[in-house]
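Remarks on the structure that follows.
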């Protein structure tokens, strides 16, 4: 799917226009925050319209950079944080351009939307932390889903030293340290 597709999704889909507390993803996001260190700079890959950023801000996180290739999503996120210097957003297609340095990378409901997710994971610096969620179901926009934990380990184990891999509802959450991909 291209950026115009996601621009339209962010313009027309109600769940992306509500505050994070009203989002159907809120329980998932709450669980994910338990894995995010507070004292590290965060790069959110595929940040969407900034709902996770709002949650993190309300929980006291700082030093956040959100990236998305949807101009509509980035415009919405930037508007939410217009006067905030700790939360920044950038329009970028990270499958075609370098990923900025981070200590923690979030890939929340993101990797399954990439045809070649390895192009992104291979860019993450060794020793950084990846915190991700992936679905167990297919829908429009998904290139893949995962039936079980072993599928995730098979797919990403060469790149990530897993610290946690848990099932929550229709999602798997995993976190780990990025291995040397060079």
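Computed quantities for the displayed model
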read-out	value
Residue list for the stretch 34-68, filter: under 18 Å from residue 13 (Cβ atoms) and either surrounded by fewer than 21 Cβ atoms within 10 Å (Cβ to Cβ) or out of contact with any strand residue (DSSP E or B) (no Cβ under 9 Å at 6 or more places or on another chain) (or both)	51, 54
Residues of the stretch 170-182 satisfying the condition of being under 16 Å from the mean Cα position of the chain (by Cα) and closer than 24 Å to residue 138 by Cα	171, 172, 173, 174, 175
Among residues of the stretch 167-182, those that are touching a strand residue (DSSP E or B) at 6+ places or on another chain (Cβ under 9 Å) and either assigned to a helix (DSSP H, G or I) or touching a residue at least 40 places away in the same chain (Cβ under 8 Å) (or both), counted	9
Which numbered condition residue 31 fails, given (1) surrounded by fewer than 23 Cβ atoms within 10 Å (Cβ to Cβ); (2) closer than 20 Å to residue 178 by Cα	(2)
Test set (1) under 14 Å from the mean Cα position of the chain (by Cα); (2) without any contact (Cβ under 8 Å) to a residue 40 or more places away in the chain; (3) farther than 16 Å from residue 65 by Cα - residue 92 fails condition number	(3)
Tally, over the stretch 150-169, of residues that are farther than 18 Å from residue 120 by Cβ, surrounded by 15 or more Cβ atoms within 10 Å (Cβ to Cβ) and within 17 Å of the chain's Cα centre (by Cα)	1
Residue ID - farthest from residue 50 (Cα to Cα), chosen from residues in the stretch 81-115 that are in contact with a helix residue (DSSP H, G or I) (Cβ under 6 Å, 6 or more places away or on another chain) and surrounded by fewer than 20 Cβ atoms within 10 Å (Cβ to Cβ)	95
All positions within the stretch 141-162 that are assigned to a loop (DSSP other than H, G, I, E, B) and without any contact (Cβ under 8 Å) to a residue 60 or more places away in the chain	142, 143, 144, 145, 146, 147, 148, 157, 158, 159
Breaking point among (1) touching a strand residue (DSSP E or B) at 6+ places or on another chain (Cβ under 9 Å); (2) surrounded by 15 or more Cβ atoms within 10 Å (Cβ to Cβ); (3) at negative phi, for residue 123	(1)
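Read the figures in this text as sums done on the coordinates, not as results from a lab. Values in this document were obtained by computation on a predicted structure and should not be read as measured data. Note: ideal-geometry Cβ built from the backbone for every residue, glycine included; neighbour counts use all protein chains shown.
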